[in-house]
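A quick write-up on the structure given underneath.
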Ligand SMILES: Nc1ncnc2c1ncn2[C@@H]1O[C@H](COP(=O)(O)OP(=O)(O)OP(=O)(O)O)[C@@H](O)[C@H]1O
Ligand SMILES: [Mg+2]
C-alpha cells in the first residue's frame, strides 16, 4: 500500500511551567493511502498529540512527519498539508462558523480564494456526501448533534482532503447521532477512498478498521487487525483499556469449549456464528412504551 503520512521517530514534549512533559516517545508509523486506521488508548496516552502532528498543528520536538512527502516543519507547505489532512474534533458546536449550513461549508473555501462557481459545486457535493442537502438553508445551531458533526465533516470534505483525522467525533453524541457520523466516516473511506484516522474510546466503533493502534504513555504498544487486538493474547487492561463485551464473551465461550473464530467481534457476528438467534421475548416481558 502506498504511504500518505509517515512519522519517523517522533518525540514531542509540551512545556508546562517551564518543565517538559513528554507526550510522544519515538513514534514511527506509516499510514497507507485509503487505510481506515483506528487509534485507541487511555486518557493522556498521546492520541490527540499524535493526531495534531498529522496536519502540522504540532511539530515534533525530535523526528519528522511527512504528508504526501511534504515535511511538516517546512512552513511553505503548511497550507498544502492542512488542505490534504482535515481534522474533525469532539465538540460540533466549536466547529460552526456561519449562520447557514451552506455558508458554513463554503467558509473555508472562501478563505482559500476558490472561485464562486467552484465553491457552489463543492458545497453541493460535500452536503450530498454527508446527507445534509435538504438542510442547506438551515441555521447550523438548530441541527442535532449528529447533523452538526456531519456538517463539520462536510466543511472538511469541501477542501477535497486525502485524509480525515477524527479525534473522538462521537464523544458528545447520542447513539443515533453517533451512528450517523460513523456511517458517514465509513462511506467516505470506502466510496471516496479517503484515508481515515479515527480516535475513540468506544471500541465497538472500530471493529471494522483496517488496523488498530494502541497507545500507552506516548508510545504505540500494539498494532494489528481488530481480531488480533481484541481476541489476541495481549491483555488490554495493562494499557488502561477494557476488552469490549462481545470479544470478551467470545473468549469466555471459547474457554467453555465453543470454537468461536477470532473474527467474531460484533453482536451480529456472534449471532451468525451461533446460528439462529434466540426466540423473540414474549410481549408481556417487554417494557411498555408510553
Ligand atoms: N497543552 C498541554 N500542556 C501540557 N501537557 C499537555 C498538554 N496537552 C496534553 N498534555 C499532556 O500530554 C499527554 C498526552 O495528552 P493527549 O491529550 O495527547 O492524550 P490523549 O490520549 O488524547 O488523551 P484523552 O483520551 O484524554 O483525550 C498527557 O500527559 C497530557 O497531560
Ligand atoms: Mg485526546
Count - residues of region 10-53 that are within 19 Å of residue 82 (Cβ to Cβ) and either outside any strand (DSSP E or B) or more than 16 Å from ligand 2 (Cβ to nearest atom) (or both): 9
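Would you confirm whether or not region 182-195 contains a residue that is touching a residue at least 12 places away in the same chain (Cβ under 8 Å), within 19 Å of the chain's Cα centre (by Cα), within 16 Å of ligand 2 (Cβ to nearest atom) and within 30 Å of residue 104 (Cα to Cα)? Quick ask: steps written out before the conclusion?
The initial filter retains those residues of region 182-195 that are touching a residue at least 12 places away in the same chain (Cβ under 8 Å), namely 182, 184-189, 192-195.
Subset that is within 19 Å of the chain's Cα centre (by Cα): 182, 184-189, 192-195.
The next check asks that each one be within 16 Å of ligand 2 (Cβ to nearest atom); those that pass are none.
Looking for residues that are touching a residue at least 12 places away in the same chain (Cβ under 8 Å), within 19 Å of the chain's Cα centre (by Cα), within 16 Å of ligand 2 (Cβ to nearest atom) and within 30 Å of residue 104 (Cα to Cα), one finds none in region 182-195, hence no.
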Among the listed residues 63, 86, identify the single one that is part of a strand (DSSP E or B), away from ligand 2 (no atom under 16 Å from the Cβ) and buried (at least 21 other Cβ atoms within 10 Å of the Cβ). 86
Number of the exception - residue 98 against (1) assigned to a helix (DSSP H, G or I); (2) more than 16 Å from ligand 1 (Cβ to nearest atom); (3) surrounded by fewer than 17 Cβ atoms within 10 Å (Cβ to Cβ): (1)
Quick one: residue 43 ticks every box in (1) surrounded by fewer than 13 Cβ atoms within 10 Å (Cβ to Cβ); (2) modelled with pLDDT of 95 or more; (3) more than 16 Å from ligand 1 (Cβ to nearest atom) except a single one, so which number is it? (3)
Subset of region 149-167 (residues that are part of a loop (DSSP other than H, G, I, E, B) and closer than 15 Å to residue 136 by Cα): 158
Go through region 46-64 and give me each residue that's away from ligand 1 (no atom under 13 Å from the Cβ) and in contact (Cβ under 8 Å) with a residue 24 or more places away in the chain. 55, 56, 60, 62, 63, 64
Name every residue in region 221-232 that is within 16 Å of residue 10 (Cβ to Cβ) and under 17 Å from the mean Cα position of the chain (by Cα), in order of residue number. 223
Enumeration of residues in region 168-198 that are part of a helix (DSSP H, G or I) and under 25 Å from residue 45 (Cβ atoms): 178, 181, 182, 185, 186, 189
Is there a residue being touching a residue at least 60 places away in the same chain (Cβ under 8 Å) and touching a strand residue (DSSP E or B) at 6+ places or on another chain (Cβ under 9 Å) anywhere in region 75-82? no
Candidates 56, 106 - the one that is in contact with a helix residue (DSSP H, G or I) (Cβ under 7 Å, 6 or more places away or on another chain), buried (at least 16 other Cβ atoms within 10 Å of the Cβ) and in a helix (DSSP H, G or I): 106
Can you tell me which residue among 35, 2, 75 is under 30 Å from residue 207 (Cα atoms), more than 15 Å from ligand 1 (Cβ to nearest atom) and exposed (fewer than 15 other Cβ atoms within 10 Å of the Cβ)? 2
From the set of residues in region 5-19 that are more than 17 Å from residue 219 (Cα to Cα) and more than 8 Å from ligand 1 (Cβ to nearest atom), which is modelled with the highest pLDDT? 5
Mind checking whether some residue in region 15-30 is within 14 Å of the chain's Cα centre (by Cα) and under 21 Å from residue 209 (Cα atoms)? no
Can we say residue 199 is within 16 Å of ligand 2 (Cβ to nearest atom) and farther than 19 Å from residue 81 by Cα? yes
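The values are calculated or read from the model by the stated rules, or taken from the named source; none is laboratory data. Please read these numbers as outputs of a predicted model, since none were measured by experiment. Positions of Cβ are backbone-derived with ideal geometry, glycine not excepted, and every protein chain shown enters the neighbour counts.
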